[in-house]
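Written below as structure tokens is the structure these notes are about.
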Amino acid sequence: MTEEIIIAGFGGQGVLSMGKILAYSGLMQGQEVSWMPSYGPEMRGGTANVTVILSDERISSPVISQFDTAIILNQQSLDKFENSVKPGGLLLYDPNGISRHPQRKDINIYKVEATTEAAKMGATKVFNMIVLGAYLKLKPIVKLENIEKGLTESLPARHHKLIPLNLEAIKKGMEIVEIVHVV
Amino acid sequence: MKELRLMKGNEAFAEAAIRAGADAYFGYPITPQSEVMEYLMAEKPYERTGMIVLQSESELGAINMVYGAAACGKRALTSSSSPGISLMQEGISYIAGSELPCLIMNVVRGGPGLGTIQPSQSDYFQATKGGGHGDYRLIVLAPSSVQEMFDFVSLGFELAFKYRNPVMMLSDGVIGQMMEKVELSEQQGRLTNQQIDELYPWATTGKKPGKERRIITSLELDPGRQEKHNLKLQEKYRKIETTEVRYETLHCDDAEYLLVAFGSSARICQKAMDLGRSKGIKIGLMRPITLYPFPYSIIEQLSKQVKGILVVELNAGQMIEDVRLGSHDRIKVEHYGRFGGMIPSPVDVLYAMEKQIIGG
């Protein structure tokens, strides 16, 4: 099994940390993982993206142009990466702030109202975990218990008290993900 | 149980320095290698092993602090990125001339000048052909994974001390910034001053009564003696060339076409090779691990077997000159590269192979 994912959105949305948690979780279940961020003059409000690969085999290139899954969190990223999803692949997005929705007919498209839901939960910071939950509902590539281990490993100890809230957000994301178009 | 961690290449390098029993790291921040010192400062190795971490006033300061520490037989290292490495060239030349061991990592970014902060391999010539003045060579290791960013630190120190020669790790923004699984090795102890004194008869540890003075210098005004020193250096480089060549070959046994790439490019090429093989094109990959000494002989051998070679680099064509030397122009050798921080995809590399080598 190899899953090649791009996660793209605004800096500050938790794009890189969502990728990091996925990578850690893969590591916890004995997989090969790579996490390749966009880096440089990125800032809160600018665009940020990360390529995460989980595989049962040695990972060749950490840099790829075609993805099994694209998790898209703003309009610029949708415009940039919609065509990079492999035919039959998955595109998951948060429709908040999106005016031009995905057009492709040869991929599976789902949406998750994560921005709205995070506001309802009164915890905007768990936005990325709601998105992660939606993704894991569609592709259960890592077990929830390994996500918990991944959170423990990737978060500094002072934030460990927030793990239950993050797990709740993941479960919420699993509940609210909706089909837009399936092949 | 092996200790596994998910780390950035830069962090793995920093952790490896502590575990290799390094005595001192001197550096000055620059993207994309700033995590090295950030990690070291946060990790406080002076509490773990007594290793010193110091942010110098400039890259010139850093390399000359390395020079001083190395002269005392200490395991010293620094890291920077392209423009910073250019600033260090004078010091590196002095260290090479004085025959001192040290480890220097260049996390290459695009140039020339301040260029870009995105990944590049445009410092191949500078690293392998002696970036500073004078007739000298660095041993150059090219890591292509986060694991190698870790492993090559202790290997680098081993080679540096074996040959009393500076070793450079030529990495890039991809390998420095990405995270992968790393298997950590055990902590090695730092040498005591007495051990240094006994192991390294050249180290300036303070003149003892009845013992010869130990002098470290790169200055020799007598041309006869300077030439002798040059010949001695050249003899050392020939020895390095015969004993320290390292490379990796993948699917070369039945290969009809060959990709040659190092570092991050080699990772991209590996996927391109897999894509090609799934289409029935017999592609092999040769990845030099030591860029100096360059693996000329395997290139020569493979050039008698394959129909063409594509050299893939994140530059305008530098290592290709060494590949051509190795292949003796027996077959077609072409270059494919992106620069300025652009990174080709595996699909781009396969397309270049089909168009420039197979079709051409």
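The values are calculated or read from the model by the stated rules, or taken from the named source; none is laboratory data. Since this is a predicted model, take the numbers as computed values, not measurements. Note that each Cβ is placed from the backbone with ideal geometry, even for glycine, and that neighbours are counted across all protein chains shown. Note: areas computed on protein heavy atoms with side chains; ligands, DNA, RNA excluded. Shrake-Rupley method; radii C 1.70, N 1.55, O 1.52, S 1.80 Å.
Contact map, the stretch A:81-92: first residue on the phi > 0 side of the Ramachandran plot, second residue surrounded by fewer than 20 Cβ atoms within 10 Å (Cβ to Cβ) and at pLDDT 95 or above, Cβ cut-off under 6 Å, separation 6 or more or different chains; the map is empty.
Screening B:122, B:86 for residues that are in a helix (DSSP H, G or I), of a type outside the set (Val, Ile, Thr) and touching a residue at least 40 places away in the same chain (Cβ under 8 Å) leaves exactly one candidate, B:86.
Residue B:249 satisfies every condition listed in (1) in a strand (DSSP E or B); (2) open to solvent by 70 Å² or more (accessible area, probe 1.4 Å); (3) not acidic (Asp, Glu) except (2).
Return the total of residues in the stretch B:111-151 being in contact with a Phe, Trp or Tyr (Cβ under 7 Å, 6 or more places away or on another chain) and at pLDDT below 95. Qualifying residue count for the region: 1.
Would you pick out the residues in the stretch A:133-149 that are within 15 Å of residue A:3 (Cβ to Cβ) and either part of a loop (DSSP other than H, G, I, E, B) or in contact with a helix residue (DSSP H, G or I) (Cβ under 7 Å, 6 or more places away or on another chain) (or both)?
Passing the criteria: A:136, A:137, A:139, A:140, A:141, A:142, A:143, A:146, A:147.
Taken as a whole, the condition of being within 14 Å of chain A (Cβ to nearest Cβ) and either of a type outside the set (S, T, N, Q) or open to solvent by 20 Å² or more (accessible area, probe 1.4 Å) (or both) does not apply to residue B:126.
Any residue at all in the stretch B:310-317 that is away from chain A (no Cβ under 14 Å) and among the polar types (S, T, N, Q)? Explain how you work it out, then say what you get.
Taking the stretch B:310-317 and keeping what is away from chain A (no Cβ under 14 Å), we get B:310-311, B:313, B:315-317.
Next, from what is left, pick out any that are among the polar types (S, T, N, Q): B:315.
The answer is yes, given that some residue of the stretch B:310-317 is away from chain A (no Cβ under 14 Å) and among the polar types (S, T, N, Q).
The residue list A:4, A:42 contains one member that is modelled with pLDDT of 95 or more and out of contact with any Pro (no Cβ under 7 Å at 6 or more places or on another chain), which is A:4.
Kindly establish whether residue B:267 is within 22 Å of residue B:330 (Cα to Cα), buried (at least 18 other Cβ atoms within 10 Å of the Cβ) and within 12 Å of another protein chain (Cβ to nearest Cβ). Step through it out loud before you land on a result.
Working: within 22 Å of residue B:330 (Cα to Cα): no; buried (at least 18 other Cβ atoms within 10 Å of the Cβ): yes; within 12 Å of another protein chain (Cβ to nearest Cβ): yes.
Judged against the criteria, residue B:267 is not a match.
Restricting the first member to the stretch B:96-115 and to residues that are among the acidic types (Asp, Glu), and the second to residues that are open to solvent by less than 20 Å² (accessible area, probe 1.4 Å), the beta-carbon pairs closer than 7 Å and six or more apart or on different chains are B:99/B:165.
Filtering the stretch B:318-356 down to residues that are part of a loop (DSSP other than H, G, I, E, B) and more than 26 Å from the chain's Cα centre (by Cα), which residue is nearest to the other protein chains (Cβ to nearest Cβ)?
Step one: list which residues in the stretch B:318-356 are part of a loop (DSSP other than H, G, I, E, B), which gives B:318-319, B:328-331, B:338-345.
Those still in the list that are more than 26 Å from the chain's Cα centre (by Cα) too: B:329-331.
Details: B:329: 30, B:330: 28, B:331: 25 Å.
Checked the stretch B:318-356; the qualifying residue nearest to the other protein chains (Cβ to nearest Cβ) is B:331.
For (1) at negative phi; (2) surrounded by fewer than 19 Cβ atoms within 10 Å (Cβ to Cβ); (3) within 19 Å of the chain's Cα centre (by Cα), each residue gets a yes or a no:
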| residue | (1), (2), (3) |
| --- | --- |
| B:158 | yes, yes, yes |
| B:164 | no, yes, yes |
| B:169 | yes, no, yes |
| B:174 | yes, no, yes |
| B:192 | yes, yes, no |
| B:196 | yes, yes, no |
| B:202 | yes, yes, no |
| B:212 | yes, yes, no |
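Looking across the stretch B:60-72 at every residue that is without any contact (Cβ under 8 Å) to a residue 40 or more places away in the chain and open to solvent by 20 Å² or more (accessible area, probe 1.4 Å), the one that is farthest from residue B:20 (Cα to Cα) is identified as B:60. Exactly one residue out of B:167, B:146, B:140 is within 21 Å of residue A:59 (Cβ to Cβ) and either basic (Lys, Arg) or touching a helix residue (DSSP H, G or I) at 6+ places or on another chain (Cβ under 8 Å) (or both), and it is B:146.
Got at least one residue in the stretch A:62-70 being modelled with pLDDT under 90, open to solvent by 10 Å² or more (accessible area, probe 1.4 Å) and β-branched (Val, Ile, Thr)? Reasoning before the result, please.
If we filter the stretch A:62-70 for residues that are modelled with pLDDT under 90, which is where we start, we get none.
Looking through the stretch A:62-70, none of the residues is modelled with pLDDT under 90, open to solvent by 10 Å² or more (accessible area, probe 1.4 Å) and β-branched (Val, Ile, Thr).
Inspection of the stretch A:18-29 identifies no residue that is more than 12 Å from chain B (Cβ to nearest Cβ) and of a type in the set (Gly, Ala, Ser).
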